[in-house]
Amino acid sequence: MKIVFMGTPDFAVASLDALVQANFDVVAVVTAPDKPSGRGQKLSESAVKKYAVEKGIAILQPEKLKNPEFIEQLKSYQADLQVVVAFRMLPEVVWNMPPKGTINLHGSLLPQYRGAAPINHAIINGEKESGVTTFFLTHEIDTGNIILSESTPIADNETAGDLHDKLMHIGANLLVKTLKAIEAGEVSEQPQPQSDNLKHAPKIFKEDCKIDWNNPVQMIYNLIRGLSPYPTAFTFLNDKTLKIFKAEIEHKEPGIVAGGFLTDGKTFLKFAAKDGFIKLLDIQYEGKKRMPIEDFLRGIRL
């Protein structure tokens, strides 16, 4: 089978590498255009492009996926199958091109958590289980027939970053299994179950990351975990942004107004929620580097 792989971040690299190591014929990758980043605004390449360069795989970086020149280039590879991992929405002219279809690896147990940020939303909602699913792409986003899925537990203190890394490797292995089944003609695809109580995983914006201290302490703790290490939950301290990467819950009556804080100025800083405290462990103050709370308290008077 000739395969075209589509993806951009590190999450996708693990899958691409697994396909290469399993000796699948990856004839090209499609990834995001290089983007300016950092203070010097130098062009930076996607993680998938860096890997493809290293392995000598042909690279396509279209600005627009409906561009006729890109469509012709894509056709020229005569792929039997396309594989999508952590990429953007594809137009039908692209996903419907190969004879064996286009499959996607999604970071949730579909049909739950369709959308752009399944890993974050699973933790924000306090789920105890997550997983990955491979499915055939169709018109509606993340709704195609399921090929395979695999679940994994979510620990009480697990962050989105922890779950991301775990699912990245589980997903890469599942993708190899999926492609072997397709190649052998042994796929038994299943329509996604219909349900009235689906949870969704829309893109996360900055306003979604601001902590509301009037919420229950468990809800705030889940938000912090679900947004760590990126895009990161935040609050304000002395009118400056305070990002919180890691925290602990204290289940006790706060006795102070929600959003107020207590500190000994040396070892702890904790904010009051509706029904307990969030004790900060790993933070980043506006204009400063990320650091443990003790280091932060040594350099500031509150």
Cα-based Rg of segment 202-266 normalised by 2.2 N^0.38 Å, two decimals = 1.14
Taking Cα centroids, how far is segment 1-62 from segment 244-298 in Å?
-> 40
Placed amide H near Lys246: partners under 5 Å, 5+ positions off or other chain | Leu281, Asp282
Out of every Cα-Cα pair in segment 56-153, what percent are more than 18 Å apart?
-> 51
At q = 0.23 Å⁻¹, the log10 of I(q)/I(0) for segment 47-86 from a Debye sum over equal Cα scatterers comes to -0.98
Unit-weight point scatterers at every alpha-carbon of segment 240-279, Debye formula, q = 0.15, 0.24, 0.32, 0.33 1/Å: log10 I(q)/I(0) is -0.33, -0.83, -1.19, -1.21
Leaving out ligands, DNA and RNA but keeping every protein chain, what accessible area does Thr138 have, in Å² rounded to the nearest 10, with a 1.4 Å probe?
-> 50
Apply the Debye scattering formula to segment 151-302, with a single equal point scatterer on each alpha-carbon and no solvent, then give log10 I(q)/I(0) at q = 0.13 Å⁻¹.
-> -0.70
What part of the accessible area of the chain, given as a whole %, is carbon or sulfur when the probe is 1.4 angstrom?
-> 49
Taking Arg301, Arg88 and ranking on accessible area (1.4 Å, protein atoms only), highest first, one gets Arg301, Arg88
Ignoring ligands and nucleic acids, what accessible area does His121 show with a 1.4 Å probe (Å², nearest 10)?
-> 30
Long-range tail of P(r) for segment 1-137 (Cα pairs > 24 Å, %) | 33
Could you pull out every residue, at least 5 positions away or on a different chain, whose amide H is within less than 5 Å of the one on Met6? Hs are placed 1.01 Å off N in the peptide plane, and Pro or chain starts have none.
-> Val30, Val83, Val84, Val85
Surpassing 31 Å at the alpha-carbon level, of the pairs Lys66/Lys246; Lys66/Lys100; Lys49/Lys180; Lys64/Lys246, are Lys66/Lys246; Lys64/Lys246
Neighbour-limited loop hits for GluC sites (Glu not before Pro), segment 201-302 (at most 15 other Cβ within 10 Å; DSSP other than H, G, I, E, B) | Glu286
Heavy-atom surface of the chain, accessible at 1.4 Å and reported per residue (Å²) = 52
Largest-first ellipsoid semi-axes for segment 117-196, taking √(5λ) over the Cα gyration tensor eigenvalues, angstrom = 25, 16, 10
Starting from the Cα of Lys240, draw a straight line to each of the lysines and keep only those under 22 Å, dropping any in the same chain fewer than 8 residues away.
-> Lys206, Lys210, Lys266, Lys270, Lys279, Lys288, Lys289
Expressed to one decimal in nm², the mean projection of the alpha carbon convex hull of the chain is 17.8
Local electrostatic count at Thr134 - Lys and Arg +1, Asp and Glu -1, tallied over other residues with Cβ under 10 Å | -1
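The values are calculated or read from the model by the stated rules, or taken from the named source; none is laboratory data. Here the structure is a predicted model, which means the values were calculated and not measured. Glycine also receives a Cβ, built like all others from the backbone with ideal geometry; neighbour counts cover every protein chain displayed. Heavy atoms of the whole protein, side chains included, go into the accessibility calculation; ligands, DNA and RNA do not. Shrake-Rupley method; radii C 1.70, N 1.55, O 1.52, S 1.80 Å.
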